[in-house]
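J.: Let me give you the structure first, and then I'll get to my questions.
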Amino acid sequence: MLTSIASTLSLSLLKACSVVLLILVARGLVWLINMMIVAPMFDPLKKIQGPDGSPLQNHFREVMDPSVSPNTHEKWVRSFGKTFRFHGFGRHDFRLLSVDFCVMSHVLNSPIYEKPWQTRTLLTNLFGRGIFAMEGAEHKALRKLIAPAFSTQSIKAMTPIFFQKAEELREKWESLASSPTLVEDANFPPLPAPPYSPSPSFAEAVIDIAHWFSLATFDVIGLAGFDYHFHALQCESEEVYLAYRNMFRVADKGPKLQELIQLYLPIIERIFPNEATRITGESQRVISEAGQQLIQSKKCAILAEKASASEIKEKDILSLLIKSNLSADISGRLSDADLLSQLSTFLFAGSDSTSLTMSWCIHLLSLHPGVQGRLRSELNSMSPCASNSSSVSGYSASTHAEAIDGLPFLDAVVRETLRLCPPVHGTMRVATRDDNIPISSPIVLRNGMIIQPGETIHLRKGSYVHVPIEALNFSTDIWGEDARLFNPDRWSSLPHPARAPSHPGIANLMTFSFGPHACPGWKFSMLQTKIFLATLIPHFVFEPAADIQKFNAILTRPYVYDQFEFGTRLPVKIGRVNL
């Protein structure tokens, strides 16, 4: 009797499971057919010209790999015009790409467009729910909160930190240049020959400038952003710095199949953790513990010295965030977890992007000795107290910084570096509802019809828009036929201030993006870069040491040609200048 009941129950359960499985399979098939066949038939982007491909072919490499993307963008613009579509995850996945600034301005300024949830999830997995993973009112409120930390007055107050760390780095390089060897590191294979080698050479040593700038800028954001001494320059094994580097070494390899699947099924990460998951988890544990201690010590110091949150006058990022947390308005408070996420985000954004700009700048100067010499002459032409960073203690740091910031050729070199080597290669937006996008350049549809300037193109909800920062920075329509060449003199011929329609973006560059999500710390980054260059270039001559290429991960990083497996590196020959 019991056996019969058990058998009947088992059979019923099996039937029920079979029915559920059939329903799931049927729904999956309906979803698949709709995604790959039905929905593309009614997608407005189907009417727009663009590169074709096989059913499962994508164009991600052509669009996002900096070794091929400049040629790809130029070829597609020449073939299809300034606005076209390309394939995402297959021929069914139409995505919009445009170098028409009218289109990009609309997309970057409209609240209709947000970062895709996949992008925000990847950022959250690394940094927590920081400002770059936020959208809407939440993002707007946090931007408003941190704005005082990046005001002109606040940045001026940070300049002694910039000078201090620039001097520390100069001293480190002085000791390295005095070394009798030209071997960069015995742990790496021999460097491939650079595309240019000066004769005679003045080099005394080979150093990985990407590594050293990374240490220095990490120290800077620690002090300027959080009033905390990491001392990474003095101790390369500093725990928090190494945790970040280990985490980004994993992230720089790009998401593998398992990581992509985990976006949709997060439970897989907990059931089947791989090496990348373990390294990232351990790094986040170190960062979290250090961050929590930093937050608590800062809170205690503020509460001990201040009567109320309204009296907090400090302008560093962490103080401003804690002020919000102590606000009487409960709705304006941030949890400790949110504080930690912002801290982690700004440690990354405030150090890595700036260190890459400095690294690419020295690299470009090493390839262009004439430009390097002109810049050194301009820096040496400053008054003795203004040109010697070691005298900052006896000279107003802010006045010194103003003098450096006002040097026209230094400004041109930094802007040209940011134009040619934007730390962020491109970004993405997704339409949260149907929209009509205005255009300023004609679009020829696949059927031969033309959408004229002043008219609009229709985009449906859920469509992806690629924002090609590099392509806009390389546009020959904006920058002329030599747009891909390093030519700082182009900046002296721009109208001052340059008109946004002809030279779009913050500081006339798309490098810092545009609109509500533009980089809040662009002035911080530019001035810090100028001060470091002004401190180093009068003392050193730079020559290329290897063939350097770009790869695109979260940021666009340098690597040694044919040695990609060794990760981010930018070795350069340096020699001391006889002052």
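J.: Sorted by accessible area with a 1.4 angstrom probe, largest first, how do Thr529, Thr277 fall?
T.: Thr277, Thr529
J.: Now for a separate question. Could I have the simple spin-label model distance between Lys75 and Gln153, label points 7 Å from Cα toward Cβ, reported in nm to one decimal?
T.: 5.4
J.: Also, I was wondering about something else. When the Karplus curve 6.51 cos²θ - 1.76 cosθ + 1.60 is applied with θ = phi - 60°, which whole-Hz ³J(HN,Hα) does each residue of segment 343-355 get, with x for Gly and Pro?
T.: Calculated HN-Hα couplings, in order: 4, 5, 5, 6, 4, 6, 5, x, 10, 5, 5, 5, 5 Hz.
J.: On to the next question. Non-local amide H neighbours of Val577 (under 5 Å, H modeled in plane, Pro and chain starts lacking H): which ones?
T.: Phe540, Val541
J.: Among all the lysines, which ones have a C-alpha under 17 Å from Lys299's C-alpha, if same-chain residues fewer than 8 places away are not counted?
T.: Lys313, Lys315, Lys323
J.: Testing the spin-label approximation: label points 7 Å from Cα along Cα→Cβ at Ile23 and Ile37. State their distance in nm.
T.: Label-label distance for Ile23 and Ile37, simple model: 2.4 nm.
J.: While we're looking at this one, here's another question. Treat every Asp and Glu Cβ in segment 99-162 as -1 and every Lys and Arg Cβ as +1, leave all other atoms uncharged, and give the resulting dipole magnitude about the Cα centre to the nearest 20 debye.
T.: 240
J.: Moving on. If I histogram all Cα-Cα distances within segment 112-181 using bins 5 Å wide from 0, what percent of pairs lands in each bin?
T.: Computed distribution, short to long bins: 3, 13, 13, 12, 11, 12, 12, 10, 8, 4, 2, 0.
J.: Å³ per residue of the Cα convex hull, for segment 15-67?
T.: Spelled out: Cα convex hull of segment 15-67, divided by residues, is 118 Å³.
J.: If you don't mind, another one. State the percent of C-alpha pairs, over all pairs in segment 472-579, separated by a distance greater than 25 angstrom.
T.: 41
J.: Same structure, new question: Rank-order 156-163, 140-147, 480-487, 346-353 by packing density, defined as the average count of other C-beta atoms within 10 Å over each peptide's residues, highest first.
T.: So the peptides 156-163, 140-147, 480-487, 346-353, ranked by packing, come out 346-353, 156-163, 140-147, 480-487.
J.: Let me spell out the model: positive unit charges on the Cβ of Lys and Arg, negative unit charges on the Cβ of Asp and Glu, origin at the Cα centre of segment 407-452. What dipole size does that give, in debye rounded to 20?
T.: 120
J.: Among all the aspartates and glutamates, which ones have a C-alpha under 17 Å from Lys47's C-alpha, if same-chain residues fewer than 8 places away are not counted?
T.: Here the aspartates and glutamates satisfying the reach criterion relative to Lys47 are Asp93, Asp434, Asp435, Glu455.
J.: Please compute the modelled spin-label separation between Ala337 and Ala518, points set 7 Å along Cα→Cβ, answer in nm with one decimal.
T.: So the label points at Ala518 and Ala337 sit 3.4 nm apart.
J.: Once you charge only the Cβ atoms, +1 for Lys and Arg and -1 for Asp and Glu, what is the size of the charge dipole of segment 421-576 about its Cα centre, to the nearest 20 debye?
T.: Roughly 440 debye for segment 421-576.
J.: Multiply the residue gap between Ser54 and Met449 by 0.36 nm, knock off their C-alpha separation, and tell me the result in nm, one decimal place.
T.: Full-extension gain reported as 139.7 nm.
J.: Determine the sum of side-chain charges near Phe218: Lys and Arg each +1, Asp and Glu each -1, restricted to other residues whose C-beta is under 13 angstrom from that of Phe218.
T.: -4
J.: How large is the Kirkwood hydrodynamic radius of segment 38-181, counting all unique pairs of alpha carbons, in Å?
T.: That comes to 19.8 Å for segment 38-181.
J.: Based on the Kirkwood radius over alpha-carbon pairs, what value in µm²/s does the Stokes-Einstein equation return for the translational diffusion coefficient of segment 27-102 at 10 °C and 1.306 mPa s?
T.: In µm²/s, the coefficient is 120.
J.: If R₀ is 45 angstrom, what is the calculated FRET efficiency for the pair Asp65 and Ala16, using the beta carbon separation as r and rounding to 0.05?
T.: 0.35
J.: Same structure again: Run down the aspartates and glutamates and flag those whose C-alpha is under 19 Å from the C-alpha of Lys75, throwing out any fewer than 8 positions away in its chain.
T.: Those aspartates and glutamates meeting the cut-off are Asp52, Glu62, Asp65, Asp100, Glu470, Asp477, Glu481, Asp482.
The values are calculated or read from the model by the stated rules, or taken from the named source; none is laboratory data. Source: prediction; values computed, not measured. As a convention, Cβ positions derive from the backbone with ideal geometry for all residues, glycine included, and neighbour counts pool all protein chains shown. Calculation scope for accessible area: heavy atoms of the full protein, side chains included, ligands and nucleic acids excluded. Shrake-Rupley method; radii C 1.70, N 1.55, O 1.52, S 1.80 Å.
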